[in-house]
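Encoded as structure tokens, the structure appears first; notes follow it.
The values are calculated or read from the model by the stated rules, or taken from the named source; none is laboratory data. Predicted model, so just to flag it, every value in this text is computed and none were measured. We place every Cβ from the backbone using ideal geometry, glycine too, and count neighbours over all the protein chains shown.
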Amino acid sequence: MTTVHQLVPTISPRDAVGNHTLALRKILRELGFESEIFSMFRHTDLMNDTHYVDRLPGDADVVIYQFSIGSPVADRWAQHPGLKVANYHNITPTSLVGRWDGLLAAEVQLGRDQMARYANLCDHAICDSDFNRSELDALGYKSTETIPVLFDSLDARSDRSTLAKLERNRQGTQVLFVGRIAPNKAHHDLVAAVRTLREVHNDNAHLHFVGTDGPPSYRSTLNGIINHAGMRDHVTFHGSVSQEQLVSHYMAADVFCCLSDHEGFCVPVVEAMNHDLPVIAFSCTAVAETVASGGLLLTEKSPLLVASAIHRVRNDDALAQRLRQAGRQRAKNFDSEITREKFHRQISNLILESL
Amino acid sequence: MSDSQSDAEYFQEVVAEIELEARQRAATGEYPRALLRSLDEEFRRWIPDASLESGIEDTIRSIEAASYVDAAVPLKSRSPVGSFTKWVVRRLTYFYHRHIAQQITALGIHITRPLRLIDASLKNINRRLSLVEDQLDVGAAARSELIASVSHIAASEGIKEILLEHFRGVPGRVLFGDLFEPSLLDFLRNQGVDIYGVTPNDEASAAVDIQQTELIEHLDHLDSNALDGFVLCGITDRSSLNEQLRALRLLLLRSRAGARAAIIVAKPELLSSRLGPVAADLLQGRPLHSETWCYLLSRENASDITVVESSDSAFSLITATLP
């Protein structure tokens, strides 16, 4: 039986790369391949379902590396004699994290170095977005293609108690952002925008952040800014939540706003579109490509402009309705069945041609 | 036209309307100016520099934490028998794992020791550098007070029209920096020039399309070929020769072929007479003659270089087209 294994530095549920890796293993097994996941750091919930990196068999036919950070795991992949496929999810530039977390900066720098170093070794690279693909093309990767990241379309039901709590406390516009609390996601810009919305447009708006903590220094700075801006009672950090709770957040919010400075794809944008939530996003990196015609793309993100955009969407029913429809239409492009089909076709072709 | 194309165009129109509305409201003073900047300033004040402050310290702590190996192997298993077996094996081999773990932990500490020495050395060097900077730059405070006291010379109507003619029909963005007179920028924008301003000045940076930052810092982060034109002023009256030349070089690097250039510079004689002897002696920078700017532009193969003197002979406007 042909063996197609995956290598990933860290595997964890409730994480875009982790979910993608697990979904891809399912596809590979459906295709009739023997497929396992090998990782250096494994979440306790996945201990019995994955393997430590040292267990990777030397005779595997194909090894897919999930590329999103620098890691010694990449060297294992590069040294493996099998067909080498990279699945590139992008690596945050050092300039965006270096000031906040020295260790993370070292890891992303290592990732960028490895990305350049392995251009000639990689037989084929699958990228989440054309933005990611352009980075690998520029480094001289010989064979690249774009297939979106695999993720569940959140068919889960909403968590009733979470929804009830969110509905009970709502007053003004409920602005939602989902993503790790990290500097490249620019949570501070959202705080500034919502504060401006409250002051300038007399909107008793509330900002909801869903996502795990990133660099502690960024969170600490963010807390300082929130306090200074008098926003302590108007910003809620919900942390990491279950699928059902996440659905509740999408249902309860009025606007999904993403002001990230760097994204390789941005799954939450598509999730928001899937839940009929109007999307406003700062047009940069892969965000513009993911949002495309499904939301309002701002070319700058001054607090005044973002606040005006949120205010307009909230008060213009026709615009909000069209954004919902366009978002729903756009999200269909990333339907999990379509993406699964693409992976099915491309991987079986790739492996059949190579072996 | 497909639905998605029509949606995209409609949403672009909406964004343009929002931008225009925000700009108009800001111009009329409807939005509180201080509010627009305060959080940005606050963020900059809070932002740490991991490489200079505690970044290395935090990194070393992380390595030390990661090098601690827990000798107690997890017992979780799919079946109770598996869990029990693991517990038995753990009990029987604990002495062995603990011995190995202690050695690995000791190794981690030995690895981080030289890193701590490097960190201490870097901090020491930084402290010494700060002392040296203070000793060398004794007049910094006095100079900044003098710069603040120098009043800018307002551009006349005649200059506005010449600038407008020069930038009429320019397709892309025009940078106005470092800006001292927002009315000149507003005039050009109202006439259809796609222009934005850059200034370190608090007062002038209140409008929507004016960024509050140092011009050179802004240019350092700008992409090549981002500009279709620029108006250089302010910095030409008070900055050092090196800063003025650096600003010009960066502007040339960031401009497309055929970009329009304009430089507004106070007449050196007039400024000297206004400054008085103390400021003239202590200020590092003073305006260059218009002939010098013409020479610098011609050395870059700029064409159509013209010099216009204001009616009150207070300043010169040099315009040119870049190669």
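Please work out if A:ILE347 is under 20 Å from A:ASP130 (Cα atoms), surrounded by 20 or more Cβ atoms within 10 Å (Cβ to Cβ) and aliphatic (A, V, I, L, M).
Working: under 20 Å from A:ASP130 (Cα atoms): yes; surrounded by 20 or more Cβ atoms within 10 Å (Cβ to Cβ): yes; aliphatic (A, V, I, L, M): yes.
Yes: the conditions hold for A:ILE347.
When B:ARG173, B:ARG238, B:ARG246 are screened for being over 29 Å from A:PRO303 (Cβ atoms), among the basic types (Lys, Arg), surrounded by 14 or more Cβ atoms within 10 Å (Cβ to Cβ) and at pLDDT 85 or above, only B:ARG246 passes. Scanning segment A:288-308 for residues being crowded, with 24+ Cβ neighbours inside 10 Å, of a type in the set (Gly, Ala, Ser) and under 20 Å from B:ASP209 (Cα atoms) gives a total of 2. Checking the stated criteria, B:ALA247 turns out not to satisfy the condition of being in a strand (DSSP E or B) and among the small types (Gly, Ala, Ser). Segment B:1-104 holds helices (runs of 4 or more DSSP H) entirely within its bounds, and those carrying 1 or more residues that are facing chain A (nearest Cβ under 10 Å), at pLDDT 75 or above and surrounded by 15 or more Cβ atoms within 10 Å (Cβ to Cβ) map to B:3-27. Applying the criterion of being of a type in the set (Val, Ile, Thr) and over 18 Å from the mean Cα position of the chain (by Cα) to the residues of segment A:256-306, the residue that is farthest from the other protein chains (Cβ to nearest Cβ) is A:VAL306.
Evaluated against (1) of a type in the set (S, T, N, Q); (2) under 27 Å from A:THR212 (Cβ atoms); (3) surrounded by fewer than 19 Cβ atoms within 10 Å (Cβ to Cβ); (4) within 14 Å of chain B (Cβ to nearest Cβ), A:GLN243 falls short on exactly one condition, (4).
Given the options B:LEU271, B:LEU275, B:LEU322, name the one that is surrounded by 14 or more Cβ atoms within 10 Å (Cβ to Cβ) and within 26 Å of the chain's Cα centre (by Cα).
Exactly one residue qualifies, and that residue is B:LEU322.
Just to be sure before I move on: is A:HIS311 of a type outside the set (S, T, N, Q), assigned to a helix (DSSP H, G or I) and more than 10 Å from chain B (Cβ to nearest Cβ) in the structure I sent? No: the conditions fail for A:HIS311.
Per-residue answers, yes or no, for (1) assigned to a helix (DSSP H, G or I); (2) touching a helix residue (DSSP H, G or I) at 6+ places or on another chain (Cβ under 6 Å); (3) aromatic (Phe, Trp, Tyr):
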{"position": "A:LEU150", "(1), (2), (3)": "no, yes, no"}
{"position": "A:ALA156", "(1), (2), (3)": "no, yes, no"}
{"position": "A:SER161", "(1), (2), (3)": "yes, no, no"}
{"position": "A:LEU166", "(1), (2), (3)": "yes, yes, no"}
{"position": "A:GLN171", "(1), (2), (3)": "no, no, no"}
{"position": "A:ASP189", "(1), (2), (3)": "yes, no, no"}
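Taking segment B:289-319 as the range and being modelled with pLDDT of 90 or more, under 29 Å from the mean Cα position of the chain (by Cα) and hydrophobic (A, V, I, L, M, F, W, C) as the test, the residues that pass are B:TRP293, B:CYS294, B:LEU296, B:LEU297, B:LEU317, B:ILE318.
If I ask for residues that are acidic (Asp, Glu) and surrounded by fewer than 22 Cβ atoms within 10 Å (Cβ to Cβ), which ones from segment A:270-287 would you list?
Keep residues of segment A:270-287 that are acidic (Asp, Glu), which gives A:271, A:276.
Hit for segment A:270-287 is A:ASP276, nothing else.
Got at least one residue in segment A:128-143 being more than 18 Å from A:ILE280 (Cα to Cα), among the acidic types (Asp, Glu) and in contact with a Phe, Trp or Tyr (Cβ under 6 Å, 6 or more places away or on another chain)? Checked segment A:128-143: at least one residue is more than 18 Å from A:ILE280 (Cα to Cα), among the acidic types (Asp, Glu) and in contact with a Phe, Trp or Tyr (Cβ under 6 Å, 6 or more places away or on another chain).
Being within 21 Å of the chain's Cα centre (by Cα) and surrounded by 17 or more Cβ atoms within 10 Å (Cβ to Cβ) is the requirement here; does A:LEU319 meet it? Spelling it out, it is not the case that A:LEU319 is within 21 Å of the chain's Cα centre (by Cα) and surrounded by 17 or more Cβ atoms within 10 Å (Cβ to Cβ). Apart from one condition, B:GLY285 fits all of (1) touching an Asp or Glu at 6+ places or on another chain (Cβ under 8 Å); (2) more than 22 Å from B:ARG246 (Cβ to Cβ); the exception is (2).
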